[in-house]
């Protein structure tokens, strides 16, 4: 029976550090949430503005007054 080579924890300590992984993970999640929210807000507002412009060109008076504001 051969023995497996044992590496002490000191040799592998830089490979996996739970504190730094959790910190990086939370930063990545926060950045993703901010970028996703900003993208969703931009898409929603530009779509609604385009719809309002189209309605104004079609003759809807309320849409024209909303664009004037």
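With the simple model of a label 7 Å out from the Cα in the direction of the Cβ, residue 66 to residue 21 spans 5.0 nm. Modelled spin labels at residue 30 and residue 52, positioned 7 Å past Cα toward Cβ, are 3.3 nm from each other. Ranked for footprinting exposure by Cβ neighbours inside 10 Å, fewest first, 68, 25 give 68, 25.
Since every read-out is calculated from the coordinates, none of them should be taken as a lab result. Remember, it's a predicted structure, so these values are computed and weren't measured experimentally. Using ideal geometry, Cβ is built from the backbone for each residue, glycine included, and neighbour counts are taken over all protein chains shown.
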